[in-house]
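Note sheet for the following structure.
The values are calculated or read from the model by the stated rules, or taken from the named source; none is laboratory data. What you see is a predicted model, and the numbers here were worked out from it, not measured in a lab. Virtual Cβ from ideal backbone geometry, glycine too; neighbours counted across all protein chains shown.
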Amino acid sequence: MIRITRKLEFSAAHFYHNPSFSAEENRRVFGKCNNPHGHGHNYVLEVTVAGEPDPTTGMVLDLKELKDILQKEVGERMDHRHLNYEVPELAGQIPTCENIVAVIWRLLEPKITQGKLDRVRLYESPDLFADCTADPGSNGSVHAGGRA
């Protein structure tokens, strides 16, 4: 089994807010991340596809195709956007690193037709990332790892 990883960087704004919490509870739980005007990150996305190299091309998948998929499904949808307001797939969710990476997995998984999506890792900052992988015990459902 070979794993190949491609990166994509994008910038986006977000804030944390749970509408079922009071204003005080939101401030207590989320601190400065609850600022309703939001704050931004330069996210780094790593997408890993696993499989056996094709004997005629030597590739698990065409990396240009993967780059195009990442740009269309993530870059065009999330780059220079406010995740709370402009990304329908995140509607009704707090756009934590964990929730964003799970959404990205669900966007990408059906588009990967060569090899198999193995891991999606999203860095919110150099020292904070979340991984999403297929949960082996639940027939391909998404398992989002916690904060690392």
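Within segment 1-18, is there a residue that is without any contact (Cβ under 8 Å) to a residue 12 or more places away in the chain and either surrounded by fewer than 12 Cβ atoms within 10 Å (Cβ to Cβ) or farther than 19 Å from Gly75 by Cα (or both)?
No - not one qualifying residue is present in segment 1-18.
Examine segment 38-59 for a residue that is in a helix (DSSP H, G or I) and more than 22 Å from Asp127 (Cβ to Cβ), and state whether such a residue exists.
No.
Among (1) modelled with pLDDT under 95; (2) under 18 Å from Ala91 (Cα atoms); (3) of a type outside the set (Lys, Arg), which single condition is His39 missing?
Failing condition for His39: (1).
For segment 101-125, give me the residue count where each residue is without any contact (Cβ under 8 Å) to a residue 60 or more places away in the chain and under 15 Å from the mean Cα position of the chain (by Cα).
Number of matching residues: 10.
Which pairs have Cβ atoms under 9 Å, sit 6 or more apart or on different chains, and link a residue in segment 71-89 that is at pLDDT below 95 to one that is in a helix (DSSP H, G or I)?
Filtered contacts from segment 71-89: no entries.
State which residue pairs qualify: first residue over 27 Å from Trp105 (Cα atoms) and inside segment 26-52, second residue part of a helix (DSSP H, G or I) and modelled with pLDDT of 95 or more in any location, beta carbons under 8 Å apart, and separation of 6 or more residues or different chains.
Asn26/Asn34; Arg27/Asn34
Would you please name the residue that is surrounded by the fewest Cβ atoms within 10 Å (Cβ to Cβ), looking only at residues in segment 76-96 that are under 16 Å from Phe10 (Cα atoms) and acidic (Asp, Glu)?
Here the residue is Glu76.
Please tell me if Phe30 is in contact with a helix residue (DSSP H, G or I) (Cβ under 7 Å, 6 or more places away or on another chain) and of a type outside the set (Ser, Thr, Tyr).
no
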